[in-house]
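So the structure is just underneath, and the comments pick up after that.
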Amino acid sequence: MTKLKYALTIAGTLLVLAGLSACSPLSVINAVSPGNALQADADVAYGLKARQRLDVYRPASASNSSPVIVFFYGGNWNMGDRADYAFVGRALAKRGFVVVIPDYRLYPEVRYPEILADSAAAVAWTVREIKNYGGDASRLFVMGHSAGAYNAAMVALDPGLLARAGIKPGVVRGFIGLAGPYNFLPVENVETRSVFNYPDTPPESQPINHVSASSPPALLIAANKDEMVNPARNTGELAKKFRANGVPVREVYLDRVNHATLVGSLATPLHALAPTIDVVQAFVNSDGGRKQ
């Protein structure tokens with residue numbers, strides 16, 4: 001059995017088990033994702049609100065020189081829980097990174113632009129505190145999937161967000177986006193419209209409109225079969241904007257995953273589905289492509 005067939009078999013089995021046990025596929029993936037040889041610090045406050053909490057994952061051998069990844073999960077800005085993405089923290093920590101996974105306030109409690117304030121606050125907390133968890137704040141990357149990729153992109157590209165959180169925007173060394181919506185005006189998704197004040201959604205709500213020559217390098221990963229977020233319109237057009245501004249960017253398009261299974265491929269049991277984690281590791285270890 002090839003590695004791909006093995007991974008597909010595991011993925012199918014996980015989905016069957018999820019159906020039989022009334023658990024979500026993410027819960028099943030977490031249950032079979034190894035966490036040994038890692039340290040986890042759960043339910044750390046980065047603000048005063050109920051959802052302003054985060055978890056930190058780190059290698060047992062983490063030193064103050066370990067690169068840091070702040071990961072934002074997706075969920076159309078109206079759902080999601082950091083505990084569902086423990087597999088992401090474990091997998092990346094296993095590769096030597098200190099990983100921060102925050103919750104953030106959701107619609108209808110907040111909408112654009114306030115919906116981004118928590119992401120900026122979580123990054124600001126990381127800059128100030130991550131040395132206490134073995135991470136190096138000067139090697140900080142932001143990463144996200146789907147709506148979380150949008151949040152990460154805005155934090156990386158809109159200097160005003162971190163400035164309002166009391167942090168210099170230049171602290172972000174690189175941006176990693178998985179299947180992110182970066183260029184989606186006019187808003188077509190009915191559930192998303194209220195989040196972005198449709199039909200009065202401002203152009204500055206779009207990450208593509210914040211790219212400049214001072215933007216950090218980017219790694220953009222998308223699924224060719226993504227039926228939720230158009231990869232050409234979003235990943236492709238954002239990459240073009242980076243290049244037009246002279247900013248290093250790498251695009252990776254994958255055939256054997258879709259919008260959801262792209263982030264699932266980060267889980268240790270599902271690495272054979274796609275080389276997602278290897279590409280992420282190479283990007284971070286090269287300091288966003290600065291080191292070749």
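Observations
- Antiparallel beta bridges, as assigned by DSSP with both residues in the chain, represent about 30 percent of the total such bridges.
- Amide proton proximity set for Phe72, modelled H, under 5 Å, gap of 5+: Met143, Gly144, His145
- Scanning the chain for GluC sites (Glu not before Pro) in DSSP loops with at most 10 neighbouring Cβ atoms within 10 Å leaves 1-187 as the longest stretch between them.
- Proximity of backbone amide H atoms, modeled 1.01 Å from N, is registered between Asp136 and Ser66, Val68 at under 5 Å, excluding neighbours fewer than 5 places apart on the same chain.
- In Hz, Karplus ³J(HN,Hα) per residue of the range 145-162 (6.51, -1.76, 1.60; θ = phi - 60°; x = Gly, Pro): 10, 6, 4, x, 5, 4, 4, 4, 4, 5, 4, 6, 9, 9, x, x, 5, 6
- Whole-angstrom gap from the range 121-164 to the range 64-107, using each part's C-alpha centre: 11
- Helix-only [θ]222 nm of the chain, DSSP H runs n ≥ 4, -39500 (n - 2.57) each, per residue, nearest 500: -9000 deg cm²/dmol
- Close amide-amide hydrogen proximity is noted between Tyr46 and Arg53, Leu54, each under 5 Å apart and 5 or more residues distant or on a separate chain (H modeled in the peptide plane; Pro and chain starts excluded).
- The HN-Hα couplings worked out from phi for the range 74-88 by the Karplus form 6.51 cos²θ - 1.76 cosθ + 1.60 (θ = phi - 60°) are x, x, 6, 6, 10, 7, x, 8, 4, 4, 5, 10, 4, 4, 5 Hz, whole numbers, x standing for Gly and Pro.
Where a number appears in this text, it was derived from the coordinates with a stated rule and is not lab data. Every value quoted in this text rests on a predicted model; they were computed, and no experiment measured them. Positions of Cβ are generated from backbone atoms using ideal geometry, with glycine treated the same way; all protein chains shown enter the neighbour counts.
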